[in-house]
Amino acid sequence: MEVENNMDGLSRRRVLLGAAALGGLGALEMRDPSARELKDAPCGAHALPPGSEQPSLAALAARQGRFFGAAVKDPLFTDAPFRRLVAEQCNILVCTYSMKWRFLEPEPGQFDFRRADRYVEFAEEHGMPIRGHTLVWDRAEPAWLGDELHRNGFTVVERHIRGVAGHYAGRLRSWDVVNEAVWPEDGRADRLKNNVFLRTLGPSYIEAAFTVAREADPTALLYYNANPAPYASERNREHFEGVIALLERLLSRGVPVQGLGLQGHLAAASADEFDEATLVWFYERATALGLEIMITELDVSDKWLPTDVALRDLRVAQMYRRFLDVTLAFPAVKGVLSWGLTDRFTGHNRWPRDDGWAVRALPYDHCMRPKLARREIAEAFLAHDPDR
Ligand code: XIL
């Protein structure tokens, strides 16, 4: 939704209905979105008072045996304040793009792990687990993938999974083996997305991917990473149901899947449609299936809210809190990862707000000071602290 959110000409209704990223803009991934000329509040205005970053979100989460982390991209290695913030606030990491297919296997059978290895080394140096994201996703494919799949079928997927999951075997906490494979709008009875994998390989590509991933890395927890949006609509409910139905099918066939990721790309402007009942149903069903759950890509867009920064920060913070209050009530939820941690490095600003102001979707502002959203995330963890 991060991407869909920002596309011109898409109505708000459209975004409410669809949660997935349209993503897939390879060249743009490298660019720092903060390089754009965007209007924003002066550095630190609307920030919480000094000291508000303690206790760290990692410490609050760890007290209840949970993770708090962030998706990180290359500024981790060039921007010292960002690196400090990540080291201080996170106890788990994921790469925003460096472990996607087009980066790891830019040419058929030619792997390049240099970039991704740096993240794994960083995580290991800081004693943080790292999630692998993602082995099979139709929006991160290299240009050659479609032709190769037509020519060589599942062996192309198998080579990728063995190459990548094999390279990192034993070093990653989990893999998003398959990402965003459910899409009711495509009209299939099984609600699977009519993506390039489905068209060339049929629906069995999903279970085959998990089976190969298990062989390639016997210890990583294997996840399906889902992107339904928790806002009331027939289509979103179908999406949540489709995800659970997929996991039921996989588990009933003995497919090795242990985890369910819910991305959590939220929109503050849709708060009135927040569908708590469906979210609770989803967590209950996942729990009953014995899956661990992780919120894998949390952010709250402030698009469609008025320009006023204080108001936007408040509404964004409230959306974080509402979502986390429902979510953290479920013991199967093992952690929460923010999709970027700071407004400085959010992908949202590649498609800015209509008023030309920067999007403030993350718990820290563009100069890495904590915002109201950060306080509400902390409060949500505190509210679920067993020792409280
Ligand atoms: C997004 C990144 O944030 C963007 O920078 C990139 O252009 C596209 O991918 N679902 C996912 C994430 O699983 O990998 C996507 O990340 C957002 C939607």
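Structure above, values below:
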| read-out | value |
| --- | --- |
| Burial ordering of PHE67, PHE345, fewest other beta-carbon atoms within 10 Å first | PHE67, PHE345 |
| Residue exposure sequence - VAL196, VAL243 - by fewest surrounding Cβ within 10 Å | VAL196, VAL243 |
| Within straight-line cross-link reach of LYS73, lysines at Cα separation under 19 Å, skipping those fewer than 8 residues along the same chain | LYS100 |
| Residue order, fewest to most surrounding Cβ atoms within 10 angstrom, among ASP299, ASP186 | ASP186, ASP299 |
| For the chain, built as a Gaussian network whose Cα springs stay under 10 Å, the top-fluctuating residue of PRO228, PRO49, PRO352 | PRO49 |
| Choice from GLY170, GLY261, GLY340 showing the highest fluctuation, given a GNM over the chain with Cα pairs closer than 10 Å | GLY170 |
| Sequence-distant residues sharing a close amide H with GLU105 (under 5 Å, placed H) | ASP112 |
| Candidate aspartates and glutamates for bridging to LYS371, where Cα separation is under 17 Å - those fewer than 8 sequence places away on the same chain excluded | ASP40, GLU53, GLU88, ASP299, ASP302, ASP308, ASP313, ASP343, GLU379 |
| Among PRO230, PRO50, PRO363: highest mean-square fluctuation, GNM of the chain, C-alpha pairs under 10 Å | PRO50 |
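Read-outs: derived from the displayed coordinates by stated rules, not from any lab. The structure displayed is predicted, hence computed values, not measured ones. Ideal geometry is used to build each Cβ from the backbone, glycine not excepted, and the neighbour counts take in all protein chains shown.
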